[in-house]
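Undergrad: One structure, as C-alpha cells, below. Some questions next.
Bear in mind these aren't lab numbers, they're just calculated from the coordinates by the rules spelled out. Every value quoted in this text rests on a predicted model; they were computed, and no experiment measured them. Heads up, the Cβs are rebuilt from the backbone with ideal geometry, glycines too, and the neighbour counts pull from every protein chain shown.
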Amino acid sequence: MNKAVIRSLCLLALIASIAVRVQASRTREAMMTDFDVGAAVADVIRQHGYALRENPVKPPKVLSVVVYFQRPECEQVSLVLPYFINAETLPLLARVTRPDFERHFFYMDGAWDEQSRVSMFFEWAKYAVLDIFGASRYVPVKKALVLAEAPDCHPAATIDWRPVWEKYRYRNASNGAAGPAGT
Amino acid sequence: MERPELPAAVASIGRREAYLWVAICLLANQAVQLIDTGSLQAFAASLAAQNYIYWLACYVVVYRLNVSDKAARATRLDVCLVLAICVLVFFLSFLPYRFGTGLLATVTAFYFLTAGGGDRNLKAAGGVLLALSTQLVWGPIVFQLFTPELLRADAALVGEVLASLRPDISWQGASFLAPGGHAIALIGGCSSFNNVSTAVLACVAVAMLIRTEWVGRDFATLLIACTVMILVNTLRLCLLAWSGPSHDYWHDGDGAQILGIAQSMAVLLIAWWGAAPWRRAA
C-alpha cells in the first residue's frame, strides 16, 4: 500500500477520533452534571404522595445525601441512601438506622435484598452499552439506592424507583430550564 | 541509483512509523479523556491535577518506538493491523468511556511484545503500554469489583497504627470516630490501590526509559515502591482520622499537595534507584 495513503488514513483516524471523543465526553459530562440523584429521589417520593422529612446532617458530611420521608402507615420515618455501586454502604447505613431495619437495594431495573455489587456492575455495563446506540432508557450513572424502613412498617404500596434513572426526567428538566426564553 | 524492489509481503511504510501512528492514536484518545476541555479554566485545572507519572509513561512508549529499528519495513500484516486499530479507535471514540481505548491499547501492547522479533525497544514500548492500559482500564475494573474488601484492608492497617498511637479513636469497618465527634469513612479515593497502581506504572516506565530489558532486581524495586505507597497512604489516613483540623489540613489544605508531591517524588526516586545503570554494574 502506498505510504501516503497509509499516512493519510492514520491522520484521518487520529483527527476524527479526537473530534468525536471530545464531543462524546462533553455530552456525557453534561448528562452527569444534570443527574441529581437526591432531587430525583425526592421527586419520586413526592409523586407517590409521601411527605419528605428534613435531613439534620448538612453538606459536606457524607450522610447529608440521605433522603428521609414519612409513610402514613408507619410510625418511624423511612430513608433512602444514594451510593456508588462499588461502595460499601452498610456501615454508613448503620449510622442512620437501627440494626433491625429492613433494607432493599435498587438500581435501574434491578432490586435486591442484599447489596449485590457484581449484579449492579453488569446492570450498569448493559445500559452503558445500550446508551452508545441511544437505546438506553436510563442514564448510565453508577449511583444506586438503598431503602431502609422500620421492621413494623408494612407499606400498602411499593415505590417504583426506576424513574430516578430514567432519561426523560433529565430531558424534561433541561427543556424546562430552557422554556421561559421561548414564551 | 536504482531502488531495490520491495518484496510482496512488505509495505512501503517503515515499521517504526506504522507503530508510532497506532501509539499516538491510542495515547491521544486516552489523553482527551483525562483532560477537561470544557473551558480554559477547567483545562488549566485538569492539567494541574494530572498524574504526571502517566504522562512519563506515554513519553516512554513514544520514545522507545522512536528509537526502534529504523530500517525495518512494515509487513502487510503490520499495515492491516495498524489500519484496523486506527479505524477501531475512531469507532470507539463514540464511546465516552476509557474501556474501549484501554482494550485496544492492551491488544496493541501484546502485538508490540510479540511482533517485534529481536527489537528490544519494541518490547519495552509494549511493556509500558501494557502497564498504561492496566492502570487506566483493568486496574479500575478490579478496583470496582473489590472496593469494600480493599478498603477494609486499608482500614485494618490504619486501625492497627491508630490503636497504638491514638487508642481513643474507635474503628468500625472502614469508619473512624475521634472523641471530639470527628468521624471519617474511607471511600474509593482513599484506597492505596490507586497509589500501588501508580507505583507499578512508575517502576515500569522508569525501568524501560533507562534500559530495554528486565532484571530480577526490578521485582524487588516494585515491591519496595508498592510498600512505600501503602505506608504513605496509611500515614495520610491516620492524619485524616486524627482530628478535625488535621483532616482539613491534610485533605483540603496545603497538606494534600505536600503529600501528593511527596508520594510522586518518593515513587519516582525508588523507581530510578531500582533501575539506575550503576546499580546493575554493582
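Undergrad: Select, from A:ALA4, A:ALA40, A:ALA16, the only residue that is free of Cβ contacts under 8 Å to residues at least 24 places away in the same chain, assigned to a helix (DSSP H, G or I), under 30 Å from B:ILE35 (Cβ atoms) and among the small types (Gly, Ala, Ser).
TA: Numbers: A:ALA4 fails: under 30 Å from B:ILE35 (Cβ atoms); A:ALA40 fails: free of Cβ contacts under 8 Å to residues at least 24 places away in the same chain.
After ruling out the rest, the residue left standing is A:ALA16.
Undergrad: Still on this structure, I have one more. Count, please, the residues in segment A:4-47 that happen to be closer than 16 Å to B:ALA84 by Cα and of a type in the set (Lys, Arg).
TA: Result for segment A:4-47: 1.
Undergrad: Right, something else. Name the residues in segment A:118-141 that are crowded, with 17+ Cβ neighbours inside 10 Å and either in contact with a helix residue (DSSP H, G or I) (Cβ under 6 Å, 6 or more places away or on another chain) or of a type in the set (D, E, K, R) (or both), would you?
TA: A:GLU123, A:ASP131, A:SER136, A:TYR138, A:VAL139, A:PRO140
Undergrad: Read through the list (1) surrounded by 15 or more Cβ atoms within 10 Å (Cβ to Cβ); (2) free of Cβ contacts under 8 Å to residues at least 24 places away in the same chain; (3) more than 14 Å from chain A (Cβ to nearest Cβ), then give the number of the only condition that B:ALA207 fails.
TA: With respect to (1) surrounded by 15 or more Cβ atoms within 10 Å (Cβ to Cβ); (2) free of Cβ contacts under 8 Å to residues at least 24 places away in the same chain; (3) more than 14 Å from chain A (Cβ to nearest Cβ), B:ALA207 is out only on (2).
This table checks each residue for (1) within 30 Å of B:ILE24 (Cβ to Cβ); (2) within 14 Å of chain B (Cβ to nearest Cβ).
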{"residue": "A:VAL5", "(1), (2)": "yes, yes"}
{"residue": "A:ARG21", "(1), (2)": "yes, yes"}
{"residue": "A:LEU52", "(1), (2)": "no, no"}
{"residue": "A:VAL67", "(1), (2)": "no, no"}
{"residue": "A:VAL77", "(1), (2)": "no, no"}
{"residue": "A:ALA94", "(1), (2)": "no, yes"}
{"residue": "A:HIS104", "(1), (2)": "no, no"}
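Undergrad: Any residue at all in segment B:137-157 that is under 21 Å from B:ALA256 (Cβ atoms) and in a loop (DSSP other than H, G, I, E, B)?
TA: No.
Undergrad: Same structure, new question: Can you find, within segment A:131-141, the residue that is farthest from B:VAL142 (Cα to Cα) among those that are more than 13 Å from chain B (Cβ to nearest Cβ) and under 13 Å from the mean Cα position of the chain (by Cα)? It would help to see each step written out before you state the result.
TA: Filtering segment A:131-141 down to residues more than 13 Å from chain B (Cβ to nearest Cβ) leaves A:135, A:137-138.
Among the residues that remain, those that are also under 13 Å from the mean Cα position of the chain (by Cα) are: A:137-138.
On the way: A:ARG137: 27, A:TYR138: 24 Å.
Among those residues, the one meeting the criterion is A:ARG137.
Undergrad: Give the residues of segment B:81-134 that are among the small types (Gly, Ala, Ser), crowded, with 20+ Cβ neighbours inside 10 Å and away from every other protein chain (no Cβ under 13 Å), sorted by residue number. Spell out how you get there, then give the answer.
TA: Residues of segment B:81-134 among the small types (Gly, Ala, Ser): B:84, B:93, B:100, B:102, B:105, B:109, B:115-118, B:124-127, B:131, B:133.
Right, trim to crowded, with 20+ Cβ neighbours inside 10 Å and you get B:93, B:100, B:102, B:105, B:109, B:116, B:124-127, B:131, B:133.
Within segment B:81-134, B:GLY102, B:ALA105, B:ALA109, B:GLY116, B:ALA124, B:ALA125, B:GLY126, B:GLY127, B:ALA131, B:SER133 qualify.
Undergrad: Sort through A:ALA144, A:ALA128 and tell me the only one that's under 15 Å from the mean Cα position of the chain (by Cα), of a type in the set (A, V, I, L, M, F, W, C), within 14 Å of another protein chain (Cβ to nearest Cβ) and within 14 Å of A:THR89 (Cα to Cα). Even if it seems obvious, please write down each step before you answer.
TA: Values: A:ALA128 fails: within 14 Å of A:THR89 (Cα to Cα).
Exactly one residue qualifies, and that residue is A:ALA144.
Undergrad: Within segment B:166-184, is even one residue assigned to a helix (DSSP H, G or I) and buried (at least 21 other Cβ atoms within 10 Å of the Cβ)? Quick ask: steps written out before the conclusion?
TA: The first filter runs over segment B:166-184 and keeps only residues assigned to a helix (DSSP H, G or I), leaving none.
There is no residue in segment B:166-184 that is assigned to a helix (DSSP H, G or I) and buried (at least 21 other Cβ atoms within 10 Å of the Cβ).
Undergrad: Does B:ALA241 qualify as being more than 16 Å from B:ARG152 (Cα to Cα) and assigned to a helix (DSSP H, G or I)? Working first, answer last.
TA: Values: more than 16 Å from B:ARG152 (Cα to Cα): no; assigned to a helix (DSSP H, G or I): yes.
Here the answer is no, as B:ALA241 does not meet what is asked.
Undergrad: Continuing with this model, one more query. Given the conditions (1) under 22 Å from A:PHE35 (Cα atoms); (2) of a type in the set (A, V, I, L, M, F, W, C); (3) surrounded by 20 or more Cβ atoms within 10 Å (Cβ to Cβ), report the number of the one that A:ALA111 does not fulfil.
TA: Failed condition: (3).
Undergrad: Consider segment B:25-72. How many of its residues are within 14 Å of chain A (Cβ to nearest Cβ) and either of a type in the set (Phe, Trp, Tyr) or in contact with a Gly (Cβ under 6 Å, 6 or more places away or on another chain) (or both)?
TA: Residues in segment B:25-72 being within 14 Å of chain A (Cβ to nearest Cβ) and either of a type in the set (Phe, Trp, Tyr) or in contact with a Gly (Cβ under 6 Å, 6 or more places away or on another chain) (or both): 1 in total.
Undergrad: Return the residues of segment B:24-49 that are in a helix (DSSP H, G or I) and closer than 21 Å to B:PHE90 by Cα; say none if nothing qualifies. Quick ask: steps written out before the conclusion?
TA: Quick first cut of segment B:24-49, residues in a helix (DSSP H, G or I) only: B:24-34, B:40-48.
Across segment B:24-49, the qualifying residues are B:ILE24, B:CYS25, B:LEU26, B:LEU27, B:ALA28, B:ASN29, B:GLN30, B:ALA31, B:VAL32, B:GLN33, B:LEU34.
Undergrad: Here's another thing I want to ask about it. Just to verify a result, which residue in segment B:32-57, among those that are of a type outside the set (A, V, I, L, M) and within 15 Å of the chain's Cα centre (by Cα), is farthest from B:GLY260 (Cα to Cα)? Walk me through how you get there before you give the answer.
TA: Residues of segment B:32-57 that are of a type outside the set (A, V, I, L, M), as a first pass: B:33, B:36-39, B:41, B:43, B:46, B:50-52, B:54-55.
Within this subset, residues satisfying the condition of being within 15 Å of the chain's Cα centre (by Cα) are B:33, B:50-52, B:54-55.
Numbers: B:GLN33: 22, B:GLN50: 11, B:ASN51: 10, B:TYR52: 11, B:TYR54: 14, B:TRP55: 16 Å.
So, considering only residues that are of a type outside the set (A, V, I, L, M) and within 15 Å of the chain's Cα centre (by Cα), the one farthest from B:GLY260 (Cα to Cα) is B:GLN33.
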